[in-house]
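Following: one structure in structure tokens, then a few remarks.
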Amino acid sequence: MTDDYLVRIGQLIRDARQHRGWSQAHLGQALGTSQSAVNRIERGHQNISLDMIARIGEALDSEIVSLGYSGPMHLRVVGGRRLSGAIDVKTSKNACVALLCASLLNSGRTVLRRVARIEEVFRLLEVLNSVGVRTRWINDGLDLEIVPPAELDLDAMDEEAGRRTRSIIMFLGPLLHRMDRFRIPYAGGCDLGTRSVEPHMQALRRFGLSVTATDGVYHAVVDRSVTPGRPITLTERGDTVTENALLAAARHDGTTVIRNASSNYMVQDLCFFLELLGVTVEGVGTTTLTVHGVPDIDVDVDYSPSEDPVEAMSLLTAAVVTGSELTVRRVPAEFLDIELAVLEEMGLDHDRSAEYAADNGRTRLVDLTVRPSKLEAPIDKIHPMPFPGLNIDNVPFFAAIAASAHGSTLIHDWVYDNRAIYLTDLNRLGGRLQLLDPHRVLVEGPTRWRAAEMMCPPALRPAVVVLLAMMAAEGTSVLRNVYVINRGYEDLATRLNSVGAQIEIFRDI
């Protein structure tokens, strides 16, 4: 291996380690080696085997290098270009992964329309395929067919794929109806700090599920004599917590009342799907759900998940930070009401079409046209709240928007342990963001964005925010190892190029 390659690999390892928040000593301990050895590797002063590179990548949950076409993907962005035309919003990532988990409830054939072809979906498909579920893309790859086996082979589960997705936690709800004992790997996904699974367990214990965690695996045991005799009050109004409770209630032979439930978009999509399975769900769109379960579900079902409000917010942000006029079509505006109200307060010039129905017949869509605007910082801080408040996943986009506005904006991302820290990566592109604590960032605008080369943040939404800022920066930027973006967005670079961006996909090792 040449000295040049050793230096380049060393730089990738250093960047991945720093983004994970690890010291050289911490990485050395994970690898069973010394801090000084890690230091030599990162400086390109030590020969390194492919086996060691693979071990480092696994420890840092980062694709440092792979063989063949599937190596780490990078983006080269020529910024300062105006966008124009129209772009459609894809179906919801979070709805699609919940529906994949919900397909385990059904012994019949499930078809999901226009499923997002993203890494998070691919990882779940790998897990499903490994336990015997047959899946195939149909209708020129637009739709997904899912056919379960008579018996799941959970001993054959692809645990490596499972660890790379946070959504694996939603296997607990459906599997407790199918198995008395089973195991699933720890939930993975974005590096957003510790998020307790206890709210999930608190809800699922009411269905007889008990879980112990050892060696990176959840070991589950089901006591069939336990049933929810009174309403379940969730201790956290979380989306996946609510979905897990719904999945457990769907095949409970009786009525389950779930209080303090999330009413967010992916939960509503799941409720609409469960209704097609024959499950009655009362209170959809509210914080109290009453579920009349069906113990055996064997139906052929065809469902179209609705569009993704977070992707819609991403595309609107792209127009705002590049000072462009752009029409974003198929926007689920009812799930962006607060965001749009804040943007109007800041001075955003935009129009919206009349409402029309999504393909599921339930979600309301509009087309939004955004025009160049002189924005002012909002009077109040930007902070998330459960729906119908400002969406947790949309908070990072306001960092780029606030950086494009005149004045100071306080962003309080109270949900995740360290996501706000990743927003300060915008400072490398000319931003002026001050981290007040792990949850609060003060953003000063307006910003004269400048090009830079940097490693992709390991959290999905901050990673996209960095990409959008690069699109606004004059010159050529490079964003390395964008796997995390591919977890949540389908062909984002290509689609942005279709409305005037200049983003090149490349691999260099």
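For this structure, a couple of remarks:
- Here the Karplus relation 6.51 cos²θ - 1.76 cosθ + 1.60, evaluated at θ = phi - 60°, turns the backbone of the stretch 107-123 into coupling constants of 7, x, 8, 10, 10, 10, 8, 6, 5, 5, 8, 10, 4, 4, 5, 4, 5 Hz, with x for every Gly and Pro.
- Going by accessible surface with a 1.4 Å probe and the largest first, 117, 181 read 181, 117.
- Modelled spin labels at residue 137 and residue 205, positioned 7 Å past Cα toward Cβ, are 4.3 nm from each other.
- Whole-Hz Karplus values for the stretch 87-92 come out as 9, 8, 7, 7, 5, 5 Hz, taken residue by residue from phi with 6.51 cos²θ - 1.76 cosθ + 1.60 and θ = phi - 60°; glycine and proline positions read x.
- Residues whose amide H lies under 5 Å from that of residue 478, counting only those 5 or more places away or on a different chain, are 77, 452, 453, 454; hydrogens are built 1.01 Å from N in the peptide plane.
- FRET E, pair residue 50, residue 502, Förster distance 45 Å, beta-carbon r, rounded to 0.05: 0.85
- Spin-label pair residue 34-residue 214: with each label point 7 Å from Cα along the Cα-Cβ axis, the two points sit 3.6 nm from one another.
- Where labels lie 7 Å past Cα in the beta-carbon direction, separation of residue 448 and residue 107 in nm: 7.0 nm
- Between the amide H of residue 325 and those of 83, distances stay under 5 Å, these residues lying 5 or more places away or on another chain, with hydrogens modeled in the peptide plane.
- The stretch 487-509 residues near the modelled residue 82 label - backbone nitrogen below 18 Å, point 7 Å along Cα→Cβ: 497-502
- Table column - 3J(HN,Hα) (Hz), the stretch 241-253, Karplus curve with 6.51, -1.76, 1.60, x for Gly and Pro: 4, 4, 4, 4, 5, 4, 5, 6, 5, 4, 10, 7, 7
- Linear extension gain, residue 230 paired with residue 151, 0.36 nm per residue minus alpha-carbon span: 25.3 nm
- Cross-link partners for residue 381 among the aspartates and glutamates, with Cα-Cα distance under 14 Å and sequence neighbours closer than 8 places in the same chain left out: 339, 345, 413, 444.
- Computed FRET value (nearest 0.05) for residue 180 with residue 122, which takes r as the C-beta separation and R₀ as 35 Å: 0.70
The values are calculated or read from the model by the stated rules, or taken from the named source; none is laboratory data. Note that the coordinates shown come from a computational prediction; the quantities given were computed from them, not determined experimentally. Heads up, the Cβs are rebuilt from the backbone with ideal geometry, glycines too, and the neighbour counts pull from every protein chain shown. Protein only, heavy atoms only, side chains kept; ligands, DNA and RNA dropped before computing areas. Shrake-Rupley method; radii C 1.70, N 1.55, O 1.52, S 1.80 Å.
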